[in-house]
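First the structure, in the form of structure tokens, and then the observations on it.
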Amino acid sequence: MRFVFKTRYEQDLRLWRHNGDLIGYGIFLAALLALPIFAGVYYVGEANLWLIYSIAAMGLMIAVGFTGMASLGHSAFLGIGAYTHAYLLQNGVPFLVSLPLGGLLAGAIGVAVGLPTLRMHGIYLAIATLAVALITQEVMSKWSSVTGGFDGLPVAAPDFLSIQPEAMYQGEWFSVGGLHVGWVELWSPVSLYYICIAVLVLAALIARNLLRSPTGRAFVAIRDSEISAQSMGIHLAYYKTTAFGISAFVTGLAGGLFAHQISHLAPDAFNIFISIELLLICVVGGIGTIQGAVLGAAFLIMLRSFIPIMRDEVTAGAGGVEFLAGLVRFVNSPGLEAAIFGALLVLFIIFEPMGLYGRWLKVKTYFDLFPLYKKSTFARQKSYVKTERLR
Amino acid sequence: MDSVQIYISLFVNGLALGCIYGLIALGFVLIYKATEMVNFAQGDLMMVGAFIAFGLIAGFGLNFWLGFLLTVVLMIIFGFLLDVVVIRRLIGQPQFSIVMATIGIGYVLRFVMPYAFNVEQIAFLTPFTGKAVQVAAMTLDAGKLAAVVGTLVLCAGLYMFFQRTRIGVAMQAASQNQLAAYYMGIPVALIFSLIWGISAGVAAITGVMMMPIANVMDPSIGFIAIKAFAGAVVGGFGSIPGALVGGIIIGLVEQFSDYLLAPGYKDIMVFSVLLAVMVVRPEGIFSQMGRKKV
């Protein structure tokens, strides 16, 4: 086990615990940056989806993981970010302005939703945000002059800076050692990929810095006990609304990127199932950890591309066999994907409440402490239900 | 038909729909009252009840009332086992985890039921299907009246159960403080499983009563639980009469806004009413909330 002896106050203020962490994340980032050189365009597209889901889940994590507010409405914020961004782009606003504006509008609506509802605890908030998600989806389909209604809204492709190993630009600036620098339309998955990485790093820094600040500490205090947080002088409504606003802002940013990823917006793309998927990412990745959002998103995207492959394999392999007909019908039934997500959700909550990142911590601690690792290090304290109605 | 008759029939439709919402709301209010857990899979439990009734009545050709009774019994056992196998392990985890777990269970049920019965949609005949009752120059649908009457009877029974019987009071005690109830000799785990059983039984009754109103059901019928949630919040989450009244209010709002407003705005209206109630009177009509005295 690595003990960090703190000899200077600056150590408490650092973004990372020790230099080993910095090296680890540096390698991860370098691998991310190098991926398009090795992987094909299809995989870069999948990676885009992964990064976008990571960003959106990071936003949700600020509400769910850090502040303990269950939100079923983040599909709405994703949608608001996406539609705002697409609408502004269509009207000639530059990319670098319209993307944050989409996030800001999502954040503003998050605050507006939060103001009345955040006085209430857990379940009321979940239901209120659910209502907001459903209303937003209806508005997206009804307000055709802006959103295009059910016909959808095509996302304009802005020109954007890009660096690629091959010359494939509308306008090239210069090339250095085989790397070509120039403007490219954002249709190219590779250029979107680098923007996604930039936003992901930004979102992670927002979340990490938030957690180091008094504001973030207030969030965590509220999550752990509202009554004790209030007793320590934390204004519950103010901090909850702030948390919800920041959360919606980050998810809105992801929405702008998501608009480019799917390239044609329709109200159905932002249904309640997206909210559930984002929550699944948080639970599977590990509630209350920034790394969990990235891990959970990777898990979800891999699962989503694995299920159709499995379906085809099973259908091809067992198609003609009589006694396997039930199995073939099973894998081809509608709703299988959602059912697998649901089952995983239940299994993770019961057997791995700390998620994938928690499992990684456990494995790391096991080797750090070998052979002295105790299972009880991570055991949950036994707890009992007390009424929340008297809160 | 003159306008008065239209409004009366809208009222009856809204009342019947509202009773269905009220019963679903009742299902999770029961669980919430007793165990402080919120069951987002209540609508899917109703769907499971309807599928089992379909299997018994349309599949095996049982008599309606016999099939109905058997469905309720099977669903009580199902709810009990659901608690024993899954939900009991979640006690003490944050409420959010339980919300997520029940959403997960809902997705699994929505897939498993049509797969198990190998149908996409179900329909079976009830004694009320297509019948009409003549009340003072008004023709009312028998299925809707049956839903209203059944709801009233069921609610009265459950209200008495919670107020007057030992088990009902024990359930309330277990809800207020699990540990204290345990010290008083209440078998808390068993009580929790029983309440899940009762709630699943209510869901089964709702599912069967829904049949003559909906005519055809598919697995996604469970989504109407979202409106039942709205009803429960409007009525005051955790209150049995509140669940019913809130459900009826939501049902009426839905029917009248469907008629009076442009098509497609009824859902927006329902959830706007929900948000408005949350802003103006967050504790609902029948308040169950109080401030904790430290």
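The values are calculated or read from the model by the stated rules, or taken from the named source; none is laboratory data. Remember, predicted model here, so these are calculated numbers, not experimental data. Reconstructed Cβ throughout: ideal geometry from the backbone, glycine too, with neighbour counts over all protein chains shown. Heads up: the accessible areas ignore ligands, DNA and RNA and are worked out on the full protein's heavy atoms, side chains in. Shrake-Rupley method; radii C 1.70, N 1.55, O 1.52, S 1.80 Å.
Brief remarks follow.
- Using the Cβ-Cβ distance between A:LEU372 and A:GLN11 with R0 = 25 Å, the FRET efficiency computed as 1/(1 + (r/R0)^6) comes to roughly 0.40.
- Angle between chain B longest axis and helix B:64-85 axis [Cα atoms, degrees, rounded to 10]: 30 degrees
- Across the stretch B:90-97, coupling constants 3J(HN,Hα) worked out from phi with the 6.51/-1.76/1.60 Karplus curve, θ = phi - 60°, read 9, 4, x, 6, x, 4, 4, 4 Hz, and Gly and Pro carry x.
- For the stretch A:22-30, backbone phi angles converted through the Karplus equation (6.51, -1.76, 1.60; θ = phi - 60°) give residue-by-residue couplings of 4, 4, x, 5, x, 5, 4, 5, 4 Hz, Gly and Pro being listed as x.
- For the protein assembly as shown, the fraction of 1.4 Å probe accessible surface lying on carbon and sulfur atoms is 67 percent.
- Lysine pair number, Cα distance threshold 21 Å (strictly under), chain A, separation 8 or more or different chains: 6
- Between chain A and chain B, the total buried accessible area stands at approximately 5100 Å², from heavy atoms with a 1.4 Å probe.
- The residues of the stretch B:18-221 present an accessible area of 39 Å² per residue when probed at 1.4 Å with all protein chains retained.
- Per residue Cα convex hull volume in Å³ - calculated over the stretch A:238-391: 226 Å³
- Pairwise FRET efficiency - B:GLU120 versus A:THR365, Cβ, R0 = 41 Å, nearest 0.05: 0.25
- For chain B, the mean residue ellipticity at 222 nm estimated from helices alone is -23500 deg cm²/dmol, where every DSSP H run of n ≥ 4 contributes -39500 (n - 2.57) and the total is divided by all residues, rounded to the nearest 500.
- Most mobile of A:HIS18, A:HIS85, A:HIS264 in a GNM of chain A (Cα contacts under 10 Å): A:HIS18
- Note on the stretch A:240-304: the C-alpha convex hull projects to 5.0 nm² when averaged across all orientations.
- Per residue, chain A exposes an accessible area of 47 Å² to a 1.4 Å probe, with every protein chain left in place.
- Charging the Cβ of each Asp and Glu at -1 and of each Lys and Arg at +1, and nothing else, the dipole of the stretch A:39-378 about its Cα centre rounds to 1260 debye.
- Eigen-decomposition of the gyration tensor built on the alpha-carbon atoms of the stretch B:32-140 gives equivalent ellipsoid semi-axes of 32, 18, 13 angstrom, largest listed first.
- Computed E for B:TRP65/A:ASN209 - FRET, C-beta separation, R0 51 angstrom, nearest 0.05: 0.20
- Percent of alpha-carbon pairs separated by more than 15 Å within the stretch A:210-279: 64 percent
- Among B:GLY185, B:GLY27, B:GLY67, the residue with the largest mean-square fluctuation in a Gaussian network model of chain B, with springs joining Cα atoms closer than 10 Å, is B:GLY185.
- Considering the stretch B:18-221, its Cα convex hull presents a mean projected area of 11.9 nm².
- Two-decimal Rg/Rh across the stretch A:286-363, once Rg and the Kirkwood Rh are taken from alpha-carbon atoms: 1.11
- For a modelled paramagnetic label at A:ALA266, 7 Å from Cα along Cα-to-Cβ, the residues of the stretch A:330-345 in reach, with backbone nitrogen under 20 Å, are A:334-338.
- Proximity of backbone amide H atoms, modeled 1.01 Å from N, is registered between A:LEU72 and A:THR129, A:LEU130 at under 5 Å, excluding neighbours fewer than 5 places apart on the same chain.
- Charge dipole (Cα centre; +1 on Lys/Arg Cβ, -1 on Asp/Glu Cβ; no other charges) of the stretch B:85-196 amounts to roughly 220 debye.
- Computed from the C-alpha gyration tensor, the three semi-axes of the ellipsoid equivalent to chain A are 32, 27, 27 Å, from longest to shortest.
- Compactness of the protein assembly as shown as Cα Rg over 2.2 N^0.38 Å, two decimals: 1.01
- Of the chymotrypsin sites (Phe, Trp or Tyr not before Pro) found in the stretch B:29-122, the ones in coil according to DSSP and having at most 15 other Cβ atoms within 10 Å of their Cβ are B:PHE60.
- Only helices enter the 222 nm calculation for chain A: every DSSP H run of n ≥ 4 contributes -39,500 (n - 2.57), and dividing by all residues gives -22000 deg cm²/dmol, rounded to 500.
- Here the Karplus relation 6.51 cos²θ - 1.76 cosθ + 1.60, evaluated at θ = phi - 60°, turns the backbone of the stretch A:329-341 into coupling constants of 4, 4, 6, 9, 5, x, x, 4, 4, 4, 5, 5, 4 Hz, with x for every Gly and Pro.
- Gaussian network model of chain B, springs between alpha carbon atoms under 10 Å - residue of B:GLY236, B:GLY59, B:GLY92 with greatest fluctuation: B:GLY92
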